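Written below as structure tokens is the structure these notes are about.
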Amino acid sequence: MFNDIKIGPVTFHMYGLMIAIGFLAALLLCLYRGKKKNLSEDIIYGIFFCAIFGGMAGSRILYYIVEIPHIIENPSILWNFKNGYVVYGGIIGGVLTSLIYCKIKKQRFLSYFDLVMPALSLAQGFGRLGCFFAGCCYGRETDAWYGITFHNSVFAPNDVKLIPTQLISSAGNFLFCALLLIYAKREPKEGRVAAVYLLLYGIGRFLIEFLRNDYRGSIGVLSTSQLISIGVVALGVVLFMMAPKLEKKEAA
């Protein structure tokens, strides 16, 4: 695929463009749904910016953790900011900074947590499209009809058919967004929409890892992301079960 697309004198860097579209779409979805739920627009903007900076920091920190052996061999990795961002680190960093922000502003975190997570799935869907254009997060070689071939990627192997893991992940994230929005309309206990996101994304990410072939770090037979996925699913189960108690605690 082509990450850089030129239209006249303008060059579009598709990876960055898709991420920007994802952020904007997520923000607009949050503002739209937040207005219906009488949630503060100012708080939504605050959470949005906290999630951006916290997410970037978290994704970078987790990358450093995963890449410790390589960083010891080549310290220049520390200041190479063109690559090296881990999605799970971004999610963790974004959630933690948003939690701190809500605590400082004395807002009900679970209400905004539920509001944001469907939008996060939407943003991730666009982000994985960006991965597709760039060729990162690529899949294993395949002879199947659905295989894709890169010719100009600096990340994926070129001129061989690969499983389109980026497109599978993108479609999965868009589907998760739709399912979460449908579930949210049932007005479940606070925290349960977010819990279902953790369950869906954790399971989906665990499974897609079997199809990927880029280096992501590993412990034993499982990739680092798969181990984190197990923890995320467990957290989702706990949050779903504890939601009624947490809702009462926040209301007190």
- Note on the structure: Nearest-0.05 FRET efficiency for Glu73 and Val154 at R0 = 22 Å, using Cβ-Cβ distance, is 0.55
- Message: Tell me the label only: which of (i) 18.8, 60; (ii) 17.9, 52; (iii) 20.2, 72 is Rg and Dmax of the Cα atoms in Å as calculated from this structure?
- Response: (i)
- Item | In nm, spacing of pseudo-spin labels at Trp145 and Leu222 (7 Å Cα→C-beta vector) | 3.6
- Query: What's the longest piece of the chain with no exposed chymotrypsin sites (Phe, Trp or Tyr not before Pro), counting a site as exposed if DSSP puts it in a loop and it has at most 13 other beta carbons within 10 Å?
  - Reply: 1-80
- Note on the structure: Measuring from its Cα centre, region 4-251 shows a charge dipole (+1 at each Lys and Arg Cβ, -1 at each Asp and Glu Cβ) which, in debye to the nearest 20, is 1000
- Tilt, helix 87-104 to longest principal axis of the chain (alpha-carbon atoms), in degrees rounded to tens, equals 20
- Item | Angle in degrees between helix 41-66 and the longest Cα principal axis of the chain, rounded to the nearest 10 | 40
- How about region 119-224: which trypsin sites (Lys or Arg not before Pro) there lie in a loop by DSSP and see at most 12 other Cβ atoms within 10 Å? Lys185, Arg186
- Summing -39500 (n - 2.57) over every DSSP H run of at least 4 in the chain, dividing by its residue total and rounding to the nearest 500, the 222 nm mean residue ellipticity is -22500 deg cm²/dmol
- Query: Lys249 to Glu187: extension gain in nm, 0.36 nm per residue of separation minus the Cα-Cα distance?
  - Reply: 20.5 nm
- Remind me, relative contact order of the chain in percent, using alpha carbon pairs under 8 angstrom and six or more residues apart? 20
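Here, each number is a calculation from the coordinates, and none is a lab measurement. Note that this is a predicted model, so its numbers are computed, not measured. Please note: Cβ atoms are built from the backbone with ideal geometry, for glycine as well, and neighbour counts cover all protein chains shown.
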